[in-house]
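Inspection log for the structure reproduced underneath, given as structure tokens.
Read-outs: derived from the displayed coordinates by stated rules, not from any lab. Keep in mind it's a predicted model, so treat the numbers as computed, not measured. Cβ atoms come from the backbone with ideal geometry, glycine included; neighbour counts cover every protein chain shown.
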Amino acid sequence: MKKLLVFFSLGLLIICSLSCSKNKDKNEPNNSFSNAKKISLGKDEKMSIYPQDDIDFFKFTVKTPGIIFVEAGNNKPGNIDLIATVFNSSFEMLISNQEIPFKTGLGKGNYFISIFSSLNNIEEDTLFNIKLNSTEVMLDEFEPNNTNSEAKEIEINSEVEINLFPIGDKDIFKFQIKENSVLEFLKEFQVGKEKVDVKTSIFNSSGNCVLDNKSIPFEIELAPGKYLLQISLKNTTDFYRDIFKIKINRINK
Ligand SMILES: [Ca+2]
Ligand SMILES: [Ca+2]
Ligand SMILES: [Ca+2]
């Protein structure tokens, strides 16, 4: 009888260890781009970091440009510290190793996010919630103007209203001057909005850089000709969703 009991308990143990070792994470295997699981913005998804070096890949679609909030549920164990990297559809890293929660600004398109834990001493397969929420952002009226061929024409002694959104946004303009000119570039924000550090480059019609990554405000003397003006944020992983004004004045006496 004793023997039978021992066998019975052993059997139970084996059954339990077999079923307990099964990964509860329904999205597994999702440890690479090729088996990334599709998730929808605004919907809770379940995941677990198991075994310890597990990394989970998801793919998602942004239909309208927006701020994407990446957050975990309250059911996330405290000994898991989630780190995420966001990639575009060409597998290029847009933001790397961000601690969750975080937010980023993304344009319309398909993306991947990979998630792992930097802290992890759990031996169990604990499921918790993960969610990507989005808030729509209006792009400025000059978009798309991200390449030289998309550059939009502007006048000297005028103002342009832009935002620098989504992350990595470049705003490219073309302008022409008929005589030697000293131009001043100024920027102006809506009252109460935070300051933002933009960098500005100017290229002449031969493609030579005549101004390299200067902060606004600045003054520059230019010969007659056609120019390309490129405006972006200093940090390529930042975005600025609010519209602000860039003024370009000719200040020759
Ligand atoms: Ca997992
Ligand atoms: Ca823009
Ligand atoms: Ca742009």
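The chain: longest stretch without exposed GluC sites (Glu not before Pro) (DSSP loop, at most 15 other Cβ within 10 Å), sites themselves excluded? Longest gap between qualifying sites, sites excluded: 1-91.
Neighbour counts of other C-beta atoms within 10 Å: give me 47, 138 arranged from fewest to most.
Values: 47 25, 138 13.
Starting with the residue having the fewest Cβ neighbours, the order is 138, 47.
Against the longest principal axis of the chain, how steep is helix 2-20, in degrees 0 to 90 to the nearest 10, with axes from Cα atoms? On a 0 to 90 degree scale, this one is about 10. Cβ crowding within 10 Å ranks 68, 83 as 83, 68, fewest other Cβ atoms first. Estimated from helical segments only, the mean residue ellipticity of the chain at 222 nm is -2500 deg cm²/dmol, where each DSSP H run of four or more residues counts as -39500 (n - 2.57).
For the chain, what class follows from the C-alpha gyration tensor (a ≥ b ≥ c being the square roots of its eigenvalues): rounded when a/c is under 1.5, otherwise prolate if a/b is larger than b/c, else oblate? It is prolate, given that a/c is not under 1.5 and a/b is the larger ratio.
Summing Cβ point charges (Lys, Arg +1; Asp, Glu -1) relative to the Cα centre of the chain gives a dipole of roughly 580 debye. Shown for segment 148-250 is the translational diffusion coefficient from the Stokes-Einstein equation, using the Kirkwood radius over Cα pairs, a temperature of 37 °C and a viscosity of 0.692 mPa s: 235 µm²/s. The length gained on full extension between residue 53 and residue 153, counted as 0.36 nm times the residue separation minus their Cα-Cα distance, comes to 30.8 nm.
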